[in-house]
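K.L.:
Quick one: the structure is below, questions incoming.
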Amino acid sequence: MAKIKVLLVDDEPSILKVVQRAMQATIDCDVSTALNGDQALRIMEKDPFDVLVSDISMPGMDGTTLVNVVSELYPKTTRLIFSARSGGEIGLKTAGSAHQFYLKPQDISLIAKRTKNILRLRDFLPAEGLDQIISHIKALPSMPSICLALENELKKPNVSMDAVGKIVEKDIAMSAKILQLVNSAFFGMRERVTRPSQAAVLLGGEVLKSLFLGLHIFTEWTKKTIPCFSIHELWSHSLNVAFAAQEIALAEGLDKKDANEFYIAGLFHDIGKIILADNLPESCELIQKIITERGGTLLAAEKEILGATHAEAGAYLMALWGFPDNIIQACAYHHNPSAMEQHGFNSACAVHVANVLDYERTFTGKIVKETLDNNYLAREGFTGKIDKWRNAINKTAT
């Protein structure tokens, strides 16, 4: 297997050396360097790179222009930006083209760690071009009714940010993008924001107007003819799983703040299905045909047609966008937590159980096969807790 190729771009040679050492200490990689955007593009013309790490402020072509160009010419390249300056305006300029945002020098070691995570997950996407599709995603499509409601609210002379927050929290795609931005280094939050409604309020009306009305980061779901896929059904299921995973966490004694992380893990657990349906609708039709004609599981059919599953696709996007490990793991392992190396109670466990329980309650009679991973539950000593968790969910829901 060829070494990972990393291109570092900064007009300060001392910073290049520090980042290079951190990268090579963490990842088996070959590192090239450039002092500005023009030089970086000349290097990339000769050789493709897996990862680009660029400063924002440089003479000549700056980092903002560079990542925008690279996102179009080399969509498969993971694009990370960093800067000595914080501020939301920097994040907005690259909201659709950079995957992650960092401050220097304090985040330099984190860049290497997060990059390693991204590259590890990319190895699980053998489908030709799937990693390129995911890397090219600026944002995911949202439900038309949510887009209309948000647009109408943002156009009001006196925008109610509480109303905006409630609208955003109803949509998986908007929630993902807003949490990605608000938790980036450039917005300078002291603690991680876990509720989409809170993130919307913190970003403020002007930033959201720029994202929605100016930069068009939020887009509307327009595909209406994919058999056996409903974005409305997925939205409802994801909210149910988010709520249930949070209740399971509370039943296990976690406080409200930590339980919020489980809510987000549940909300995003099936985000890979949106990726596949939006970008590979014909493959989704074929996958459903296989399930209908032969039976079997969704994961097996996805693996047969794509070489990868929606779980792996969603985990890769979450890693690209800089979400924490617990969210990534919930996406990756919500069908088969046995594959996790991690032991003990965690978000992937809660989301797995919440997912199956919602299928039991909501999808009775449909061609779906979602069952509890009993080997995992027995291994971790959770078998006897399923009824307790089910009762906690049902009690709060009623």
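K.L.:
Given the Cα atoms of segment 231-397, and with Rh set as the inverse mean 1/r over their pairs in the Kirkwood sense, what is Rg to Rh to two decimals?
P.N.:
Numbers: Rg = 15.3 Å, Rh = 16.1 Å.
Checking Rg against Rh, the ratio lands at 0.95.
K.L.:
Something else about it: Counting other C-beta atoms within 10 Å, and keeping those with at most 15, which DSSP coil trypsin sites (Lys or Arg not before Pro) do you find in segment 217-260?
P.N.:
Working: sites: Lys223, Lys224, Lys256, Lys257; in loops: Lys223, Lys224.
Counting only loop positions with at most 15 other Cβ atoms within 10 Å, the trypsin sites (Lys or Arg not before Pro) in segment 217-260 are Lys223, Lys224.
K.L.:
Stretched out fully, how many nm does the piece from Asn374 to Leu250 gain, at 0.36 nm a residue minus the Cα gap? If you can, show how the numbers build up before the last one.
P.N.:
Numbers: separation 124, 0.36 × 124 = 44.64 nm, distance 2.20 nm.
Using 0.36 nm per residue and subtracting the Cα-Cα distance, I get 42.4 nm.
K.L.:
Based on Cβ point charges of +1 for Lys and Arg and -1 for Asp and Glu, what charge dipole magnitude is obtained for the chain about its Cα centre, in debye rounded to the nearest 20? Could the numbers behind the result be given before it?
P.N.:
Values: 42 positive and 47 negative charges, 85 e Å.
Charge dipole of the chain: 420 debye, to the nearest 20.
K.L.:
With a cut-off of at most 10 other beta carbons within 10 Å, and DSSP calling the residue loop, which GluC sites (Glu not before Pro) in segment 107-171 qualify? Please list them.
P.N.:
On the way: sites: Glu128, Glu151, Glu153, Glu169; in loops: Glu128, Glu169.
Of the GluC sites (Glu not before Pro), the ones in loops of segment 107-171 whose Cβ has at most 10 other Cβ atoms within 10 Å are Glu128.
K.L.:
Report D for the chain in µm² per second (integer): Stokes-Einstein, Kirkwood Rh on Cα pairs, 10 °C, 1.306 mPa s. Each step should come with its number before you reach the end.
P.N.:
Working: Rh = 21.9 Å.
My calculation gives 73 µm²/s for D.
K.L.:
Oh, and also: How far apart, in nanometres, would the label points at Thr383 and Lys395 be if each is projected 7 angstrom from Cα along the Cα-to-Cβ direction?
P.N.:
Each label point lies 7 Å from its Cα, and together they span 2.5 nm.
K.L.:
For all pairs of alpha-carbon atoms in segment 144-220, what percent lies in each bin of width 10 Å, listed from the first bin to the last filled one?
P.N.:
20, 60, 19, 1
K.L.:
Here's another thing I want to ask about it. Answer rounded, prolate or oblate for segment 86-142, using the Cα gyration tensor with square roots of eigenvalues a ≥ b ≥ c: rounded when a/c is under 1.5, else prolate when a/b is larger than b/c, else oblate. Numbers along the way, then the final one.
P.N.:
Working: a/c = 3.69, a/b = 1.29, b/c = 2.85.
Oblate is the answer for segment 86-142, as a/c is 1.5 or above yet b/c matches or exceeds a/b.
K.L.:
Moving to a separate point now. Lys385: net charge of surrounding residues, Cβ under 13 Å, Lys/Arg +1, Asp/Glu -1, itself excluded?
P.N.:
Its environment carries a net charge of -2.
K.L.:
Still on this structure, please answer the following. Using only the Cα atoms of segment 1-112, what are the Rg and Dmax in Å?
P.N.:
According to the Cα coordinates of segment 1-112, Rg and Dmax are 12.7, 40 Å.
K.L.:
Report the Cα centroid-to-centroid distance between segment 27-82 and segment 242-269 in angstrom, as an integer.
P.N.:
Rounded to whole Å, the Cα centres lie 38 Å apart.
K.L.:
Relative to the longest principal axis of the C-alpha atoms of the chain, give the angle of the C-alpha long axis of helix 13-26, reported between 0 and 90° and rounded to the nearest 10°.
P.N.:
30
K.L.:
Can you tell me the length gained on complete extension of the stretch Asp28 to Glu12, counting 0.36 nm per residue apart and subtracting the Cα distance? List each step's numbers first, then the result.
P.N.:
Working: separation 16, 0.36 × 16 = 5.76 nm, distance 2.38 nm.
Full extension of this stretch gives 3.4 nm more.
K.L.:
Let me ask another. Restricting attention to segment 1-105, which trypsin sites (Lys or Arg not before Pro) occupy a DSSP loop and are surrounded by at most 11 other Cβ atoms within 10 Å? Numbers along the way, then the final one.
P.N.:
Details: sites: Lys3, Lys5, Lys17, Arg21, Arg42, Lys46, Lys76, Arg79, Arg85, Lys93; in loops: Lys3, Lys76, Arg85.
Answer in residue order: Lys3, Arg85.
Only the coordinates and a few stated rules stand behind these numbers; no lab work does. Note that the structure is a prediction, hence the values are computed from the model and not measured. Using ideal geometry, Cβ is built from the backbone for each residue, glycine included, and neighbour counts are taken over all protein chains shown.
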